[in-house]
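Trainee: Mind having a look at this structure? Questions to follow.
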Amino acid sequence: MRWGRFRPAGAALAALLLTGCAQFAGPAGQPVAGEPARGGDRGGDRSRNLPPVVDHVRTTDRVVFLTYDDGAERDPGFAALIRERRLPVTLFLTDTVAGPAYGHFAGLRSVGASLQNHTLDHRSLRGLPYAGQRAEICGQQTKLRSRFGVRPHLFRPPHGRYDSTTLRAAADCGITAVVLWRATLTPAGNLTYTRGDHRLHPGDIVSVDEATRTEALLETIEERGLRVASLDDYL
């Protein structure tokens, strides 16, 4: 597959909102990617169907998944790239950050971007009581359903921080998978990895910190004989 050449329009994103969202900080004993997480603060909760926590999708297809958090997706060059190539990216939206630009995200959704849940206020959830976590997750479910007519089924906890209470709250809000990442594209243009060897593999979920560097990332993906696919089609 050959990607067309593209030069992003406009200046680079002045400042990535809520910097550091893609710095992994999940709990010790993170579940194996693609397998259900264990959880529950009480013994009775352990038998519940909790959403899996994934940073990688088990697949033989030569695909990877590009994900973006917060407000980085509002760069005009990024928007043009998504429209031109109809890239099936996944956008995790926080209401207080993305809300003022929901019209823009509606346009991206119309050309194939998937809009998913990243809480109402971008609070770090780990350690919060159930009621607070549920309000953050379910509140954003309601916002996105009201604005876009869809109910997200994927959720990314801010900063990657979560606990068993997060999983219970997510399940009760209709979330079917909690999405982390195995690779991160940093603002410097480097790919870093949370685990395993330092190269992209089929099924990797990539968190992109700097939307303006997406084109260069596409070249790296192509060099590995991979392509971008829709996370919705695999989770």
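Trainee: Starting from residues that are under 19 Å from Leu108 (Cα atoms) and out of contact with any helix residue (DSSP H, G or I) (no Cβ under 7 Å at 6 or more places or on another chain), keep the ones in segment 218-234 and report whichever is surrounded by the fewest Cβ atoms within 10 Å (Cβ to Cβ).
Mentor: Of everything passing the filter in segment 218-234, Asp233 is surrounded by the fewest Cβ atoms within 10 Å (Cβ to Cβ).
Trainee: Right, something else. Just one of the numbered conditions (1) in contact (Cβ under 8 Å) with a residue 60 or more places away in the chain; (2) within 15 Å of Ser124 (Cα to Cα); (3) not β-branched (Val, Ile, Thr) is not true of His201; which one?
Mentor: (2)
Trainee: Let me ask another. From Leu115, Leu81, which residue is touching a Lys or Arg at 6+ places or on another chain (Cβ under 9 Å) and surrounded by 21 or more Cβ atoms within 10 Å (Cβ to Cβ)?
Mentor: Values: Leu81 fails: touching a Lys or Arg at 6+ places or on another chain (Cβ under 9 Å).
None of the other options fit; the residue is Leu115.
Trainee: Go through segment 193-214 and count every residue that is at negative phi, surrounded by 17 or more Cβ atoms within 10 Å (Cβ to Cβ) and either small (Gly, Ala, Ser) or more than 16 Å from the chain's Cα centre (by Cα) (or both).
Mentor: Residues in segment 193-214 being at negative phi, surrounded by 17 or more Cβ atoms within 10 Å (Cβ to Cβ) and either small (Gly, Ala, Ser) or more than 16 Å from the chain's Cα centre (by Cα) (or both): 6 in total.
Condition check ((1) in a helix (DSSP H, G or I); (2) closer than 27 Å to Ser164 by Cα) across all residues:
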{"residue": "Phe65", "(1), (2)": "no, yes"}
{"residue": "Ala79", "(1), (2)": "yes, no"}
{"residue": "Pro88", "(1), (2)": "no, no"}
{"residue": "Phe92", "(1), (2)": "no, yes"}
{"residue": "Arg109", "(1), (2)": "yes, no"}
{"residue": "Leu115", "(1), (2)": "no, yes"}
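Trainee: Follow-up question, since we're still on this one. Any idea which of Thr220, Thr214 is in contact (Cβ under 8 Å) with a residue 12 or more places away in the chain, among the polar types (S, T, N, Q), more than 16 Å from Arg62 (Cα to Cα) and outside any strand (DSSP E or B)?
Mentor: Every option except Thr214 fails the conditions.
Trainee: Name every residue in segment 144-169 that is crowded, with 20+ Cβ neighbours inside 10 Å, within 16 Å of Ala98 (Cα to Cα) and not hydrophobic (A, V, I, L, M, F, W, C), in order of residue number.
Mentor: If the condition is that a residue be crowded, with 20+ Cβ neighbours inside 10 Å, within 16 Å of Ala98 (Cα to Cα) and not hydrophobic (A, V, I, L, M, F, W, C), then Pro152, Arg156, Pro157, Pro158 are the ones that fit.
Trainee: Tell me, please, whether a residue that is over 21 Å from Val53 (Cβ atoms) and among the polar types (S, T, N, Q) can be found in segment 133-148.
Mentor: Yes, some residue in segment 133-148 is over 21 Å from Val53 (Cβ atoms) and among the polar types (S, T, N, Q).
Trainee: For residues in segment 117-166 being polar (S, T, N, Q) and outside any helix (DSSP H, G or I), which is nearest to Ser230 (Cα to Cα)?
Mentor: Asn117
Trainee: Continuing with the same structure: When the residues of segment 111-121 are filtered to those that are at pLDDT 90 or above and out of contact with any Asp or Glu (no Cβ under 7 Å at 6 or more places or on another chain), which remaining residue is farthest from Phe65 (Cα to Cα)?
Mentor: Asn117
The values are calculated or read from the model by the stated rules, or taken from the named source; none is laboratory data. Remember, it's a predicted structure, so these values are computed and weren't measured experimentally. Using ideal geometry, Cβ is built from the backbone for each residue, glycine included, and neighbour counts are taken over all protein chains shown.
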